[in-house]
Amino acid sequence: MSDDVPGVPAAGWFADPDPTNGQLRWWNGAAWTEHTAPRPVEVAPPPLRGTAVGAGGRWLEAQSAPPSPYTPWVWVMVGTPFISMASYGALAALPWAAGTIVWMLLSLAVFVLLVVSAFFDSATLRSRGFTNPAHGAWVFLIAPLVYLSLRSSRVHKQVGKGNAPANLYVLALLLSVVVYVALMGVSTPSACSACGSPTGIVQLGAFGAGSVGR
């Protein structure tokens, strides 16, 4: 887009506005010029003054790849179950009271990380031209499963891909639960005092299963 006049496409080669010409014509950012070139198989339609990008104006990117639905923030969200897995050994080695406090602090930290990542992820998608990405506030519902599911559905409709983060998060979550169950199976009260009581098991298991969205 032009820096001087909002809504005016940047300079470039576009299909000649005269359909009988069959060539490309150079648009200098303000008006058509006399310069022409042979037309390739596919070209962008002629620029139209005032057409909005992302609102039926995707023709401005007709010769470029669609925007990527993957951001660093969404991969941070996908990786949060691994924080749970990494904490199991440390929590198991702590006394019950200390383990409970550490679990609560880790849960809060992961929850804040999920919220921040969801809002930045949604904002990044909008900056890339996605017209209706999932709002970051959805992360507060069963964090972050609802957000990732809505995100996948909406970006897939626009660019035909984007399901990987939600799918990988579910796999990571299942792996986290498996690791937790395996750890509980080999733990003893003396080796896992924080996990040896019913309360400790529920707390640690909930954290491992992604209860940080509470």
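Does region 166-184 contain at least one residue that is assigned by TED's automatic domain parsing to the domain that holds THR80, under 23 Å from GLY129 (Cβ atoms), out of contact with any Phe, Trp or Tyr (no Cβ under 7 Å at 6 or more places or on another chain) and not aromatic (Phe, Trp, Tyr)? For region 166-184, residues assigned by TED's automatic domain parsing to the domain that holds THR80, under 23 Å from GLY129 (Cβ atoms), out of contact with any Phe, Trp or Tyr (no Cβ under 7 Å at 6 or more places or on another chain) and not aromatic (Phe, Trp, Tyr): present.
Here the condition is being in contact with a Leu (Cβ under 9 Å, 6 or more places away or on another chain), surrounded by 16 or more Cβ atoms within 10 Å (Cβ to Cβ) and modelled with pLDDT of 90 or more; of ALA194, ALA172, ALA166, ALA143, it holds for ALA166 alone.
Residue-level check: of (1) among the hydrophobic types (A, V, I, L, M, F, W, C); (2) in contact with a Phe, Trp or Tyr (Cβ under 7 Å, 6 or more places away or on another chain); (3) modelled with pLDDT of 70 or more, ALA44 misses just (3). As a summary of the residue check, SER153 satisfies the conditions (1) more than 12 Å from the chain's Cα centre (by Cα); (2) at pLDDT 80 or above; (3) among the hydroxyl-bearing types (Ser, Thr, Tyr) except for the one numbered (1). Among all positions in region 127-136, there is at least one residue which is in a helix (DSSP H, G or I) and at pLDDT 80 or above. Taken over region 71-112, the criterion of being under 26 Å from ARG126 (Cα atoms) and either crowded, with 17+ Cβ neighbours inside 10 Å or touching an Asp or Glu at 6+ places or on another chain (Cβ under 9 Å) (or both) is satisfied by THR71, PRO72, TRP73, VAL74, VAL76, MET77, VAL78, THR80, VAL110, PHE111. The selection criterion, being closer than 29 Å to ALA86 by Cα, hydrophobic (A, V, I, L, M, F, W, C), in a helix (DSSP H, G or I) and in the same structural domain as SER107 (by TED's automatic domain parsing), does not hold for VAL155.
The values are calculated or read from the model by the stated rules, or taken from the named source; none is laboratory data. Small disclaimer: the values here were computed from a predicted structure and weren't measured. Positions of Cβ are backbone-derived with ideal geometry, glycine not excepted, and every protein chain shown enters the neighbour counts.
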